[in-house]
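One structure is given here, and the rest of the page talks about it.
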């Protein structure tokens, strides 16, 4: 423990550092003055006496360093040097506010943007899921080997077979999304709540236990419909005020009394993927004779056993699938897929987020290169200062340490400013991100994000310091040899210019591709008109009032009748799944007059009111729409169907040729409706997805318990939505109206992720071009300042100003062309992964590359021309006098 008092003494000595330095300076000055006086006494002039005394005395700084070392010891000297270097570096930066401000602002901009984007990437893609041992959680899917889809929902018999036969899993649970209506009481309005049915053991599988009550029991799952419910913490707080005596109470859900048996803890967020959204209530699910015949509709989550791998699980499930194909003909042509739960939750945002992260990484590198270029120019101008300090005894390592310390001060200041910028950026990004982005609540600045910022700051410090050292070495050596002012042009600055232009081109290409994607998406003919149209969803609860299809049909008929009586409403209709609402029902279709193919085509199925096509202004190409014979929904009337052009062309040559024919649909136990009309194709999923074959059935023949009500009218869209709410409330005050939106907003939300990516990349590209312009200008302005003597001599010997300007611009043009060539090669490689997110344009589109190249070439020429023109205006005599 002897080191404690030793270091305490050293720190005590350092505390009096300022006084000691004054005494040391005074002692050195006294010795020099005595030597000078003695030499003057010998007959030397005062100037000669001072010069020879300094030469004989040696390096003052060297004696000071030896004195400090003797005073503080080795470790104390290092600390003393560090403190002194920090003071020198800070003082130097304060004396040059232009350079310091530009460098700190540039680095803060790049570091802040990178930190904010990394916060999003880490929160959505990298942060571990908030469950026990989340890396072992996987999702299980069926896979149709005859079609392209590799992730299909699961049939109940197959889930049972997996649970019983698979040995790669320690647990397995099935989920079914279930949205319900919670009845209102004296305090609360009726509310639509998103939830799910889950098999018993689901929460234990995740490693999360209820904070109140218990999980579902095996007996409750075996019945396939027990009247018990578990609440989320947020729903419990909102609906019941956090009442701790909630267990055992009942609430009316979907017309049935449900007993509350548990409440999940605060902060618990259930997995959300595929069509399973956020959940606030959970009900037990169990296999029954009925749901075993429903086909494929389950989502499955499982936990791998310790030591088991995803590859082993895939092989085992594939073997079970082959067994099932031999046992059940409906499973022939089906296999399985296993995917990590975290990757499944991230969904299709991964590609766009990684592209954005790559872009902001390039922006950060550009910012570092820009600051390095500024540092190179700044230290180059201090060459004479370093040469003088070297001549009076400062060692080369000491000078380099001072430069690194100065860079550290610069990096820390920029990093702290970047962290402040990042905090504001994260808040802005969360608001800008699409509402359906997974794990939005996980996005914040925490320890891993701070570690990222610290790592970036350290890397920047090394880069800035290296640039300063490189820029100083030549200056010191040149001046030390007695050739002041004759400084060669540094290759380091030229390389940085080339790199900045290259990175700027890559970022700009990314941005142009996304801008063209955005334009192409908005140019897509959706097949329907979203203007002046609104939609809202209504779900009829179970119970006596809506127990039969006739009662369900009567409600929606009455709702449409009253809505059409509103003066501002021009048309009203309904559909089981409005356009752009996600995947709807689909089934295989066949032509009954032809042999059934091995792989029959698949068609989307929508159930509509006859006014649907009028409401959305969809063109009728042949035949007509449903007629009044279907108004009563008489079961005696044979089923009819309207098909879109894509489905008609699947089996027949023309739309007219389809009218009057029959088509087989594998729904409602298998039906063969007659085609009464053919309509134009509309985009049901989104603007990217081409219209698929679609069959439209009549809601009068196939009544709906849940429907999207569509209204087209004049005036304020909010007035139309208010009319829907008031009409539903007048018919049944216990029915909530939800998913309320204009169709225009629905379409915009479907493009929200493209808008997010486009805005970010466009912003990064603009900043990159600005940084490139500033970097090119700064480098050439510094070179012009260092070459003032050369330029002055050229002009004194007769060179015209235009010749000087062309010479400097030509140098900038060479670097710009090199940067553009390098950037184009890198962009061709990095743009390939963008293929899944671009639309209507090839990632290697020549036009995009040419436009960006021309823009950057113009920017580089302009940034070079400004200092070149200034150089051409330098009076030769002024330069010669200054030298």
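The values are calculated or read from the model by the stated rules, or taken from the named source; none is laboratory data. Source: prediction; values computed, not measured. Counting neighbours? That spans all protein chains shown, and the Cβs are built from the backbone with ideal geometry, glycine included.
Note on the range 661-680: among residues that are at pLDDT 90 or above and surrounded by fewer than 15 Cβ atoms within 10 Å (Cβ to Cβ), the one that is farthest from residue 592 (Cα to Cα) is 674.
Note on the range 266-290: residues that are buried (at least 18 other Cβ atoms within 10 Å of the Cβ) and over 18 Å from residue 137 (Cβ atoms) amount to 7.
Is it the case that some residue within the range 598-616 is over 27 Å from residue 692 (Cβ atoms) and touching a strand residue (DSSP E or B) at 6+ places or on another chain (Cβ under 8 Å)? The answer is no, given that none of the residues of the range 598-616 is over 27 Å from residue 692 (Cβ atoms) and touching a strand residue (DSSP E or B) at 6+ places or on another chain (Cβ under 8 Å). Taken across the range 770-782, residues that are at pLDDT 85 or above, part of a helix (DSSP H, G or I) and closer than 20 Å to residue 514 by Cα do not occur at all.
Residues in the range 850-869 that are surrounded by fewer than 22 Cβ atoms within 10 Å (Cβ to Cβ) and closer than 20 Å to residue 805 by Cα: 857, 858, 859, 861, 862, 865, 866, 869. Residue count for the range 293-321, restricted to those that are surrounded by 13 or more Cβ atoms within 10 Å (Cβ to Cβ) and touching a strand residue (DSSP E or B) at 6+ places or on another chain (Cβ under 8 Å): 19. Somewhere in the range 703-724, is a residue modelled with pLDDT under 90, under 21 Å from residue 578 (Cβ atoms), assigned to a helix (DSSP H, G or I) and in contact with a helix residue (DSSP H, G or I) (Cβ under 7 Å, 6 or more places away or on another chain)? No, every residue in the range 703-724 fails to be modelled with pLDDT under 90, under 21 Å from residue 578 (Cβ atoms), assigned to a helix (DSSP H, G or I) and in contact with a helix residue (DSSP H, G or I) (Cβ under 7 Å, 6 or more places away or on another chain). Of all residues in the range 544-580, those satisfying the criterion of being touching a strand residue (DSSP E or B) at 6+ places or on another chain (Cβ under 7 Å) and either in a loop (DSSP other than H, G, I, E, B) or farther than 26 Å from residue 684 by Cα (or both) are 568, 576, 577, 578. Evaluating residue 344 against the criteria (1) touching a strand residue (DSSP E or B) at 6+ places or on another chain (Cβ under 7 Å); (2) within 27 Å of residue 200 (Cα to Cα); (3) surrounded by fewer than 18 Cβ atoms within 10 Å (Cβ to Cβ) leaves one unmet condition, (3).
Scanning the range 234-265 for residues that are surrounded by 17 or more Cβ atoms within 10 Å (Cβ to Cβ) and either under 30 Å from residue 347 (Cα atoms) or touching a helix residue (DSSP H, G or I) at 6+ places or on another chain (Cβ under 9 Å) (or both) yields 235, 236, 246, 251, 260, 261, 262, 263, 264. Looking across the range 522-548, the residues that are closer than 24 Å to residue 182 by Cβ and surrounded by fewer than 19 Cβ atoms within 10 Å (Cβ to Cβ) come down to 542, 543, 544, 545, 547, 548. Sub-8 Å Cβ pairs linking a first residue in the range 500-514 that is surrounded by fewer than 24 Cβ atoms within 10 Å (Cβ to Cβ) to a second residue that is at pLDDT 90 or above, at least 6 apart or interchain, are 512/848; 512/851; 512/852, ordered by first then second residue.
Restricting attention to the range 272-316, the residues being in contact with a helix residue (DSSP H, G or I) (Cβ under 6 Å, 6 or more places away or on another chain) and in a loop (DSSP other than H, G, I, E, B) number 3. Among the residues making up the range 566-583, those that are over 30 Å from residue 274 (Cβ atoms) and in contact with a helix residue (DSSP H, G or I) (Cβ under 9 Å, 6 or more places away or on another chain) are 566, 568, 569, 570, 571, 572. Evaluated against (1) part of a loop (DSSP other than H, G, I, E, B); (2) in contact with a strand residue (DSSP E or B) (Cβ under 9 Å, 6 or more places away or on another chain); (3) more than 26 Å from residue 183 (Cα to Cα), residue 669 falls short on exactly one condition, (2). Looking at the range 435-450, which of the residues that are closer than 17 Å to residue 276 by Cα and in a loop (DSSP other than H, G, I, E, B) is nearest to the chain's Cα centre (by Cα)? This residue is 437.
Could you tell me whether the range 621-636 includes any residue that is surrounded by fewer than 18 Cβ atoms within 10 Å (Cβ to Cβ), modelled with pLDDT of 90 or more and closer than 28 Å to residue 582 by Cβ? Within the range 621-636, not a single residue is surrounded by fewer than 18 Cβ atoms within 10 Å (Cβ to Cβ), modelled with pLDDT of 90 or more and closer than 28 Å to residue 582 by Cβ. Given 239, 187, which one is in contact with a strand residue (DSSP E or B) (Cβ under 9 Å, 6 or more places away or on another chain) and at pLDDT below 95? It is 239.
Tallying residues that are in contact with a helix residue (DSSP H, G or I) (Cβ under 8 Å, 6 or more places away or on another chain) and assigned to a loop (DSSP other than H, G, I, E, B) within the range 585-604 yields 3.
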